[in-house]
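Have a look at the structure below, then the notes.
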Amino acid sequence: MVRKPPADDPAQDAPEVSAPRHAAAGLPAIAHSVRHARRQMGVARGTRALLRVNQPDGFDCPGCAWPEPDTPHVAEFCENGAKAVAEEATLRRVTPAFFAEHPVAELAGRSGYWLGQQGRLTHPMYLPEGADRYEPIGWDEAFGLIAQELRALDSPDEAVFYTSGRTSNEAAFLYQLFARRFGTNNLPDCSNMCHESSGSALTETLGVGKGSVHLKDLYRADLIIVAGQNPGTNHPRMLSALEKAKAAGARIITVNPLPEAGMERFRNPQTARGLAGPGTPLTDLFLQIRLGGDQALFRLLNKLILERPDAVDTDFVREHTHGFEEFAAAARSADWAETLRATGLDRESVERALAMVLQARSVIVCWAMGLTQHKHSVPTIKEVVNFLLLRGNIGRPGAGVCPVRGHSNVQGDRTMGIVERPTPALLSALEREFGFEPPRRHGLDVVNSIRALRDGAVKVFFAMGGNFVAASPDTAVTEAAMRRARLTVHVSTKLNRSHCVTGTRALILPTLGRTERDVRAAGEQFVTVEDSMGVVHASRGRLRPASDQLLSEPAIVCRLARRVLGDDDVVPWAGFERDYRTIRASIARVIPGFEGFEVRVGLPGGFTLPHAPRDARRFPTATGKANFSADPVSHPVVPEGRLLLQTLRSHDQYNTTIYGLDDRYRGITGGRRVVLVHPDDARALGLADGAYADITSEWTDGSERTAPGFRVVHYPTARGCAAAYYPETNVLVPLDATADVSNTPAGKSLVIRLTPGTSTGE
Ligand SMILES: Nc1nc2c(c(=O)[nH]1)N[C@H]1C(S)=C(S)[C@@H](COP(=O)(O)OP(=O)(O)OC[C@H]3O[C@@H](n4cnc5c(=O)[nH]c(N)nc54)[C@H](O)[C@@H]3O)O[C@H]1N2
Ligand SMILES: Nc1nc2c(c(=O)[nH]1)N[C@H]1C(S)=C(S)[C@@H](COP(=O)(O)OP(=O)(O)OC[C@H]3O[C@@H](n4cnc5c(=O)[nH]c(N)nc54)[C@H](O)[C@@H]3O)O[C@H]1N2
Ligand SMILES: [Mo]
């Protein structure tokens with residue numbers, strides 16, 4: 001059962017529901033930004049903070065990874081960027097007195113929302129063995145304790161080092177260096193739960209696991225397909241780019257089980273027309289697909305393209321690709337009836353989509369979690385690549401793959417070597433630069449780290465940011481696994497659930513956020529980040545730090561490394577901590593594409609990393625060509641009386657950080673325990689709008705998991721599909737329910753049944 005939270009914890013199970021909206025942003029978005037900023041930061045700090053977001057001399061928005069335009073608007077942020085900044089730059093504080101007042105067991109009974117609302121962490125805190133609450137600890141003592149536990153391990157592989165995607169390039173580079181110098185590749189990161197499927201599919205087919213388009217390509221595209229993504233909430237500045245693309249003549253197809261307001265109509269708050277007028281309609285064709293139907297859809301489109309010989313870019317296919325015949329044979333056998341069943345679409349919509357595809361010279365496909373978090377996500381994304389290769393839509397202006405990344409520096413962290421299966425080239429470069437032999441054994445990703453913790457094979461868990469316990473699948477299993485660790489350490493800005501579900505001993509190490517001034521021995525420092533389109537630029541914190549006890553992430557890694565490895569280590573940790581230019585000098589020698597880093601990052605707008613398929617139609621794959629694939633088509637099979645559930649974000653959260661209880665565009669306020677179901681499906685199950693239901697997921701091994709007390713909302717989602725918010729629904733996602741190849745938790749296609757229940761508050 002879900003325990004009713006204490007009375008001063010905002011109730012999350014009394015949602016009120018109104019009709020979904022049909023447009024995003026506009027004046028209400030500005031009003032919400034200002035309200036959040038004032039509530040958390042006050043007027044002066046709030047204004048100062050927001051005017052520095054995404055400006056050349058300011059900091060990179062800690063929200064999403066969408067790129068900045070070359071000439072940013074004075075207010076180059078969005079409602080949700082403003083909330084991300086307010087959340088970090090808040091004036092509220094979690095001090096040692098707070099921890100003295102609240103035992104860990106009590107904090108564990110709190111909602112994630114309440115924990116986050118308490119404010120910024122100010123002091124290093126320690127939970128000794130058997131103690132019931134955290135107590136303050138000095139930095140030196142904290143590092144000493146971690147060093148002692150790490151040295152006591154039988155093997156370096158008994159430690160894991162998790163990263164969330166807000167970490168700067170500099171911190172990420174040092175962190176992977178420390179893990180490898182210590183002796184392990186156990187570097188799971190949030191990407192394992194996010195775009196890993198994209199990375200796997202793109203590396204195999206194109207040779208580079210990243211997107212191949214720039215902002216200017218979007219403005220040049222004839223057709224943009226946005227599949228499995230809700231930019232109105234999660235990448236709001238993308239709507240400005242789509243608006244600009246439309247003004248230049250692009251058409252947009254949206255593929256989604258939900259009609260998301262942001263893709264319907266956009267009221268650009270930076271223009272008068274957007275503020276006062278009706279806004280710009282974005283979607284020209286809405287394909288309301290069933291969850292997990294995308295591979296079947298793209299396979300059928302590919303068959304239809306193949307049926308028109310002049311529609312295929314035969315020169316491109318001949319010169320640049322491999323595996324065409326096998327792919328074409330598979331695609332030709334695609335079946336209309338089967339595809340319509342898998343997708344829930346009608347024949348006319350598919351034909352309209354095809355007509356738009358055939359009319360478009362250049363096509364871009366954008367996607368996010370709706371494509372990456374299914375069992376068959378990797379073959380799905382490979383089918384998208386087939387679709388683009390067929391008409392030569394890779395490596396020319398206005399065309400390409402555009403996986404839209406989540407965390408603001410998740411792509412940069414990977415580039416810096418945060419990866420559990422490093423390439424031999426990376427390891428050799430590290431060896432050349434620092435003169436030690438990095439471990440070659442592959443390490444653990446997120447799901448395998450949980451298994452290893454569960455089995456007692458990992459004893460120290462260290463997190464550079466994030467909220468591992470709440471973000472990971474199978475909450476009960478993950479929490480039990482975490483409690484088996486000897487030591488859990490979190491480098492964090494804000495209090496979260498991972499601080500309350502700990503190993504035998506636990507540490508919280510408070511750190512500077514993106515918005516804050518970072519002064520080291522050599523003076524004020526800046527850091528760098530890489531956006532979703534491979535552009536690297538500087539980020540300079542401008543605000544006074546939340547406490548004078550905070551250390552930057554690079555400083556934390558350097559001091560820990562010195563404690564563990566000694567002051568005479570081959571890596572110049574002390575120098576790195578003093579002056580981040582020395583870190584960048586090493587990055588320039590180790591990571592391809594970073595030559596001349598210090599100079600180029602000083603250029604306006606930074607610099608773009610090389611991308612062989614985009615720049616030169618060169619494909620560094622195993623075959624040396626772009627690879628077509630011929631995977632079998634699959635889609636989730638749902639037994640009678642069951643639904644497919646996706647776990648997704650509300651408009652008022654950042655992953656596990658809950659900003660508020662207002663999922664404005666979907667018309668849901670005052671609560672988060674809701675399940676959106678098509679009215680006809682709900683009625684067939686005997687569930688009226690406003691009824692309460694328990695959600696039970698059914699897994700192939702016969703096991704079941706239940707989350708009780710969700711208000712049923714009749715909602716215009718695709719038939720047979722349902723939606724509910726993450727992280728509350730992570731209790732329903734089995735640890736073993738992962739995507740093939742990428743091992744990403746399959747949180748977007750759970751077979752569930754709904755049974756009448758009661759509100760958990762009752
Ligand atoms: N404000 C805010 N911004 C964020 C985040 C946040 O939590 N809040 N999170 C950040 C992170 S880490 C990430 S990864 C991104 C996430 O960005 P999104 O991927 O946009 O986030 P989700 O809420 O998971 O939404 C998934 C979308 O895909 C659709 N979808 C689900 N399953 C399918 C399917 O099978 N097929 C198709 N075609 N569509 C499907 C859903 O209806 C929904 O519109 O956003 C980043 N930005
Ligand atoms: N069921 C389900 N599960 C999912 C998803 C889903 O769609 N459905 N989405 C998955 C995805 S895409 C992702 S990316 C993961 C997210 O997983 P994580 O990245 O682990 O989770 P976040 O909620 O983003 O982490 C928030 C915490 O990060 C810390 N933090 C914030 N800024 C900083 C900083 O600058 N430095 C440091 N050191 N700490 C900071 C704060 O303490 C805050 O509490 O969740 C995944 N889990
Ligand atoms: Mo993500």
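The values are calculated or read from the model by the stated rules, or taken from the named source; none is laboratory data. What you are looking at is a predicted structure, and each value in this text was computed from that prediction instead of being measured. Every residue, glycine among them, receives a Cβ derived from its backbone with ideal geometry; neighbour counts consider all protein chains shown. Calculation scope for accessible area: heavy atoms of the full protein, side chains included, ligands and nucleic acids excluded. Shrake-Rupley method; radii C 1.70, N 1.55, O 1.52, S 1.80 Å.
Couple of notes before you dig in:
- You will find that of Glu437, Glu433, the residue that is farther than 29 Å from Ser377 by Cα and touching a residue at least 12 places away in the same chain (Cβ under 8 Å) is Glu433 and no other.
- Scan the stretch 186-208 for residues that are away from ligand 2 (no atom under 16 Å from the Cβ) and open to solvent by 10 Å² or more (accessible area, probe 1.4 Å) and the total you get is 4.
- Hey, Gln148 polar (S, T, N, Q), farther than 20 Å from Gly466 by Cβ and open to solvent by 40 Å² or more (accessible area, probe 1.4 Å) or not: yes
Okay, residues lined up against (1) closer than 18 Å to Pro379 by Cα; (2) among the hydrophobic types (A, V, I, L, M, F, W, C):
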| site | (1), (2) |
| --- | --- |
| Ala612 | no, yes |
| Ala616 | no, yes |
| Thr623 | no, no |
| Ala630 | yes, yes |
| His635 | yes, no |
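- Test: residue in the stretch 373-391 that is out of contact with any helix residue (DSSP H, G or I) (no Cβ under 9 Å at 6 or more places or on another chain) and more than 12 Å from ligand 2 (Cβ to nearest atom): yes
- Candidates Ala261, Ala227 - the one that is open to solvent by less than 20 Å² (accessible area, probe 1.4 Å), touching a residue at least 12 places away in the same chain (Cβ under 8 Å), within 16 Å of ligand 2 (Cβ to nearest atom) and in contact with a strand residue (DSSP E or B) (Cβ under 9 Å, 6 or more places away or on another chain): Ala227
- Filtered residue count, the stretch 50-68, keeping only those that are modelled with pLDDT of 85 or more and away from ligand 2 (no atom under 16 Å from the Cβ): 2
- Members of the stretch 44-83 that are part of a loop (DSSP other than H, G, I, E, B) and open to solvent by 50 Å² or more (accessible area, probe 1.4 Å): Arg52, Pro56, Asp57, Asp70, Thr71, His73, Val74
- Every residue from the stretch 141-154 that is in contact (Cβ under 8 Å) with a residue 24 or more places away in the chain and either farther than 12 Å from Leu487 by Cα or of a type in the set (Ser, Thr, Tyr) (or both): Phe143, Gly144, Arg151
- Residue in the stretch 712-732 that is under 28 Å from Arg265 (Cβ atoms), away from ligand 1 (no atom under 16 Å from the Cβ) and at pLDDT 95 or above present: yes
- Every residue from the stretch 400-411 that is more than 14 Å from ligand 3 (Cβ to nearest atom) and in contact with a helix residue (DSSP H, G or I) (Cβ under 7 Å, 6 or more places away or on another chain): Gly400, Val401
- Scan of the stretch 231-253 for residues that are touching a Leu at 6+ places or on another chain (Cβ under 7 Å) and either without any contact (Cβ under 8 Å) to a residue 12 or more places away in the chain or in a loop (DSSP other than H, G, I, E, B) (or both), ordered by number: Ala250
- Leading residue by the ranking (nearest to the chain's Cα centre (by Cα)) among those in the stretch 713-739 that are open to solvent by 10 Å² or more (accessible area, probe 1.4 Å) and more than 14 Å from ligand 2 (Cβ to nearest atom): Asp736
- The set of residues from the stretch 331-381 being within 16 Å of ligand 3 (Cβ to nearest atom) and in contact with a Phe, Trp or Tyr (Cβ under 9 Å, 6 or more places away or on another chain) comprises just one member, Ile381.
- Here Glu87 does not fit the description of being open to solvent by 10 Å² or more (accessible area, probe 1.4 Å) and part of a loop (DSSP other than H, G, I, E, B).
- For Thr488, the criteria (1) surrounded by 24 or more Cβ atoms within 10 Å (Cβ to Cβ); (2) touching an Asp or Glu at 6+ places or on another chain (Cβ under 9 Å); (3) among the polar types (S, T, N, Q) hold in every case but one, which is (2).
- Hits in the stretch 643-675 (condition: of a type in the set (Phe, Trp, Tyr) and within 15 Å of ligand 3 (Cβ to nearest atom)): Tyr654
- Check on Gly670, open to solvent by less than 40 Å² (accessible area, probe 1.4 Å) and in a loop (DSSP other than H, G, I, E, B): no
- Among the residues here, Ala463 does not qualify as more than 13 Å from Leu187 (Cβ to Cβ) and aliphatic (A, V, I, L, M).
- Gly274, sole failed condition from (1) of a type outside the set (Phe, Trp, Tyr); (2) closer than 25 Å to Ile381 by Cα; (3) in contact (Cβ under 8 Å) with a residue 40 or more places away in the chain; (4) open to solvent by less than 10 Å² (accessible area, probe 1.4 Å): (2)
- Subset of the stretch 689-703 [without any contact (Cβ under 8 Å) to a residue 60 or more places away in the chain, of a type in the set (Asp, Glu) and surrounded by 14 or more Cβ atoms within 10 Å (Cβ to Cβ)]: Glu698
- Residue in the stretch 400-418 that is buried (at least 24 other Cβ atoms within 10 Å of the Cβ), more than 16 Å from ligand 1 (Cβ to nearest atom) and part of a strand (DSSP E or B) present: yes
- All helices (runs of 4 or more DSSP H) inside the stretch 441-495 with 1 or more residues being in contact (Cβ under 8 Å) with a residue 40 or more places away in the chain and of a type in the set (D, E, K, R): 446-454
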